[in-house]
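S.K.: A single structure is presented below for examination.
Just so you know, all these numbers are worked out from the coordinates, no wet-lab data involved. What you see is a predicted model; the values in this text were computed from it and never measured. Glycine also receives a Cβ, built like all others from the backbone with ideal geometry; neighbour counts cover every protein chain displayed.
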Amino acid sequence: KSVFGETHYAFNLGDVKIVAFDNSMNISNIPQQDLDWFLAQVPDADFVFLSQPLYHPSNKVMGNFDGEEIVNVKKQANQMLSAIRNSEVKAVFAAEHHMSSETQDPENENLMHYVIGAITSTINEVPQSVLQTPRFSILTIKSDGSYSVS
């Protein structure tokens, strides 16, 4: 916080609402006031950016750490995911996997989950290329509300 400031924020780009939220403390509960803030922001959001994925087929998501479920954290993750699935959010962007992927939500066909790959050349002194070449993604939001990710 001393370097980057707030760990969560929401802003509008024209008619598009973007919510960014740091859920990276994968083994610790999110403070309730922060979770409440997130849940209040999501209903009218278009895009959500997170540190940890809330949904991914691998189940490497918030609340699962080294194959172990952290019950209270997983409960919070499920609250967040439920709020997103029941909103108008078009896409959720997250990191942490070190590999890019895109997955349609299994419960909301209008919702996509994107995981953005690492941009570094090494991970813990292992070449990133073992998983995937370093990369980043670009979100393009069009005036008609549609979007693309490249």
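S.K.: Once you have a ≥ b ≥ c as the square roots of the Cα gyration tensor eigenvalues for the range 26-115, tell me rounded if a/c is under 1.5, and otherwise prolate or oblate according to whether a/b is larger than b/c.
M.R.: Judged from the Cα gyration tensor, the range 26-115 comes out oblate (a/c at least 1.5, b/c at or above a/b).
S.K.: On to the next question. Using a ≥ b ≥ c from the Cα gyration tensor of the chain (square roots of the eigenvalues), is it rounded, prolate or oblate, where a/c under 1.5 gives rounded and otherwise the larger of a/b and b/c decides, a/b for prolate?
M.R.: Judged from the Cα gyration tensor, the chain comes out rounded (a/c under 1.5).
S.K.: Going highest first, how would you order 109-116, 28-35 by mean Cβ packing within 10 Å?
M.R.: Result, highest mean Cβ count within 10 Å first: 109-116, 28-35.
S.K.: Determine the gain in length on full extension of the stretch Ser28-Asn12; use 0.36 nm per residue of separation and subtract their C-alpha separation, reporting nm with one decimal.
M.R.: Using 0.36 nm per residue and subtracting the Cα-Cα distance, I get 2.8 nm.
S.K.: So for the chain, if I pair up every lysine 8 or more residues apart or on another chain, how many of those pairs have alpha-carbons under 18 Å apart?
M.R.: The number of close lysine pairs in the chain is 5.
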